[in-house]
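The values are calculated or read from the model by the stated rules, or taken from the named source; none is laboratory data. Here the structure is a predicted model, which means the values were calculated and not measured. Positions of Cβ are backbone-derived with ideal geometry, glycine not excepted, and every protein chain shown enters the neighbour counts.
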């Protein structure tokens, strides 16, 4: 953080978990359904309808809108959890990575660095083949998906603003027998590994029924959990599970604006921090493009969960705002495979939101009260 005259310069923000195409759902899922039982699964039905109709052209245009909005909000790095791969019906495009290339092009055209996290998806659940929109996400053979990742790595090897990672979607969508091979593939190539973990209780129950283990226990046993691993959501971990992340210096990626929109629940932030898990943040469904809200909601959600104010108490004399900015900038970039935060962003101390704020409390005001309109951009 550099305070100079009437401006403050800060490390650029990074959002480590994005589904850019879901930006086109904004406003479409906020009314009660006909049966009065709206939850994550009813929202997913609407999302699948959108996914079924995507084309290379529309996925580019939607992604560019989403990414341009992120850029204007101070983000310079995005981790795109990319799972729409194939034609409607499941047949691959002639170029199997056409949709991934469209997403990467959209990010670069919007001024963002991107980690394209190519999703592995194979089933609707134990002994359930993919159905409907899931056929666009799925590969019958793991080798085909891994070959796509190597093809993308080769295509973008000379581009410093692109990283390629691997993303086994979830224990629901990936057969347990594939997980060790995915871990070995990622380790041999030093790839970021991102995976939805314990977002929904039903996912945990199904994993226990199939394997006798909880999702994070299973992927740790299979060798996926390392310093390159990002457990997305980590909402419903058992008390002993944060230690699995902490021991490996792995990440939990919290996505509060999406998690509260979907009714996912609140993670145990204190448990994650105490165990030594690293943290990053994600925009996820783009229900609202407000990276500062995602950051402060990490802290504010813990206040709701515990009934205590200021539960985030960093070491090394850092303030909670400084810690949240680290989570939202360099830690997010590292989780995406980059070595730095990707530049800086500036805000004017004359902005209306910063009127009356003490100079040594400016970052506190930005994190806990600021909006994307604070940031200056070209």
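State which residue is surrounded by the most Cβ atoms within 10 Å (Cβ to Cβ) when the search covers only segment 1-26 and only residues that are farther than 24 Å from residue 59 by Cα and touching a helix residue (DSSP H, G or I) at 6+ places or on another chain (Cβ under 9 Å).
Looking at residues that are farther than 24 Å from residue 59 by Cα and touching a helix residue (DSSP H, G or I) at 6+ places or on another chain (Cβ under 9 Å), I get 12.
Please give the number of the condition residue 8 fails out of (1) closer than 30 Å to residue 111 by Cβ; (2) assigned to a helix (DSSP H, G or I).
The number of the failed condition is (2).
Being buried (at least 17 other Cβ atoms within 10 Å of the Cβ), in contact (Cβ under 8 Å) with a residue 12 or more places away in the chain, in a helix (DSSP H, G or I) and touching a helix residue (DSSP H, G or I) at 6+ places or on another chain (Cβ under 9 Å) is true for just one of 274, 257, 289. Which residue is that?
Only one candidate qualifies: 257.
Within segment 126-141, take every residue that is within 22 Å of residue 215 (Cα to Cα) and within 24 Å of the chain's Cα centre (by Cα) and give me the one that is surrounded by the most Cβ atoms within 10 Å (Cβ to Cβ).
So the residue we want is 138.
Of everything in segment 261-271 that's assigned to a helix (DSSP H, G or I) and at pLDDT below 95, which residue is farthest from residue 225 (Cα to Cα)?
Only one residue tops the list, namely 261.
For residue 173, indicate whether it is part of a helix (DSSP H, G or I), touching a helix residue (DSSP H, G or I) at 6+ places or on another chain (Cβ under 9 Å) and either crowded, with 17+ Cβ neighbours inside 10 Å or without any contact (Cβ under 8 Å) to a residue 40 or more places away in the chain (or both).
No, not satisfied.
Name every residue in segment 195-232 that is under 16 Å from the mean Cα position of the chain (by Cα) and at positive phi, in order of residue number.
Selection gives 198 alone.
Among the residues of segment 292-317, how many are at pLDDT below 95 and either in contact with a helix residue (DSSP H, G or I) (Cβ under 8 Å, 6 or more places away or on another chain) or crowded, with 17+ Cβ neighbours inside 10 Å (or both)?
5
Residues of segment 201-235 being part of a loop (DSSP other than H, G, I, E, B), crowded, with 16+ Cβ neighbours inside 10 Å and out of contact with any helix residue (DSSP H, G or I) (no Cβ under 6 Å at 6 or more places or on another chain), which ones?
Result: 213, 228, 234, 235.
Determine whether residue 194 is part of a loop (DSSP other than H, G, I, E, B), surrounded by 17 or more Cβ atoms within 10 Å (Cβ to Cβ) and modelled with pLDDT of 95 or more.
It is false that residue 194 is part of a loop (DSSP other than H, G, I, E, B), surrounded by 17 or more Cβ atoms within 10 Å (Cβ to Cβ) and modelled with pLDDT of 95 or more.
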